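> Take a look at this one; I'll ask things after.
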Amino acid sequence: MSTSIKENHTYIDGHKIAFREQGQGSPVILIHGIPTNSLMWRDIIPQLATNHRVIAPDLLNYGQSEKPKHADVSINAQSHMIVHLMNALGIRRADVVAHDIGGGVAQLIAVNHSEKIKKLVLIDSVCFDSWPIPEFEPLQKPGAETKMNLHEFITMMRDFMPKGVYNKQAMSDEVIDHYLAPWSTENGKRAFFRNLRRLNKEYTQAVADELETLPHQTMVIWGDLDPFQKPEYAGKLADAIPGAELVRIKDAGHWLIDEKPDEISRHLKRFLTESSTGFCT
């Protein structure tokens, strides 16, 4: 096993894609959502790396990955990027663990590239018509970006992030700084608004009926107090995927990986190492 998390990058379709990596063995891909980046997995990666090669990319236009002005950054495009990244890293199949819009990316991969996924974990995932969240909808309107200067934007985001946790101490100023750093320049602000404009529930609605065909052993994890992806969607998503296990995390919000990393890690390690008997993986 690697002794520390390594930061690396490669190029997909000409764009730099940054990723964090640790460990050896069966590969696990960790996919973040918005407005976070691969740092959200900082406490999860070392625990999974005891038995796995763990790779946590920054999606295109997020984190340390390239922020091109005109590239498609929808979850559909991101799903293709993840498949290309796996191919570039020599990964034929992997367990996929995904949060927020990353969960939408993972659903699209599971439906359209089923052979690339071994086990699937969806954590407080966008699904069906659960998104965009009301907090983001005003920011998607024409002119919203130009009406807000950089200071106002960062102030808004600093106020937004703690709303996603039950335990406010989990979203400290230091953690917020990690998440907002990629957005804290004019170029970063523009990139963030490009991402906002591509949040589209039509992608998850388009594959909703196909979830029942997924062959992957699946676990759905949800914070029972998630204010953004409402807890009622947890059962709906788990019911849609054959044999899916549902785990509700008590006293946790949307950023439950920041709130309860050890509890999340225990569930992930147990699920990823248990027998897959009865599933076509």
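The values are calculated or read from the model by the stated rules, or taken from the named source; none is laboratory data. Quantities reported herein were computed from a predicted structural model and do not represent experimental measurements. Every residue, glycine among them, receives a Cβ derived from its backbone with ideal geometry; neighbour counts consider all protein chains shown.
> Any idea which of ALA234, ALA206, ALA191 is over 17 Å from the mean Cα position of the chain (by Cα), modelled with pLDDT of 95 or more and either among the β-branched types (Val, Ile, Thr) or surrounded by 17 or more Cβ atoms within 10 Å (Cβ to Cβ) (or both)?
That would be ALA191, the only listed residue that is over 17 Å from the mean Cα position of the chain (by Cα), modelled with pLDDT of 95 or more and either among the β-branched types (Val, Ile, Thr) or surrounded by 17 or more Cβ atoms within 10 Å (Cβ to Cβ) (or both).
> Counting only residues that are assigned to a loop (DSSP other than H, G, I, E, B) and either in contact (Cβ under 8 Å) with a residue 60 or more places away in the chain or within 18 Å of the chain's Cα centre (by Cα) (or both), which one in region 160-183 is surrounded by the most Cβ atoms within 10 Å (Cβ to Cβ)?
VAL165
> So which residues in region 184-219 are more than 24 Å from ALA106 (Cα to Cα) and assigned to a helix (DSSP H, G or I)?
First pass over region 184-219, keeping only residues more than 24 Å from ALA106 (Cα to Cα): 184-190.
Result: GLU186, ASN187, GLY188, LYS189, ARG190.
> Which pairs have Cβ atoms under 8 Å, sit 6 or more apart or on different chains, and link a residue in region 198-214 that is of a type in the set (Gly, Ala, Ser) to one that is surrounded by 15 or more Cβ atoms within 10 Å (Cβ to Cβ)?
Listed by first residue and then by second, the contacts come to ALA208/CYS127; ALA208/PHE128; ALA208/ALA240.
> Shifting gears a bit: Run LYS69 past the list (1) more than 25 Å from ALA206 (Cβ to Cβ); (2) free of Cβ contacts under 8 Å to residues at least 40 places away in the same chain and report the number of the one that doesn't hold.
(2)
> So, one more: Go through (1) touching a residue at least 60 places away in the same chain (Cβ under 8 Å); (2) among the hydrophobic types (A, V, I, L, M, F, W, C); (3) not in a loop (DSSP other than H, G, I, E, B) and name the single condition VAL247 misses.
(1)
> Can you tell me which residues in region 206-245 are among the aliphatic types (A, V, I, L, M) and closer than 22 Å to ASP258 by Cα?
MET219, VAL220, ILE221, LEU225, ALA234, listed by residue number.
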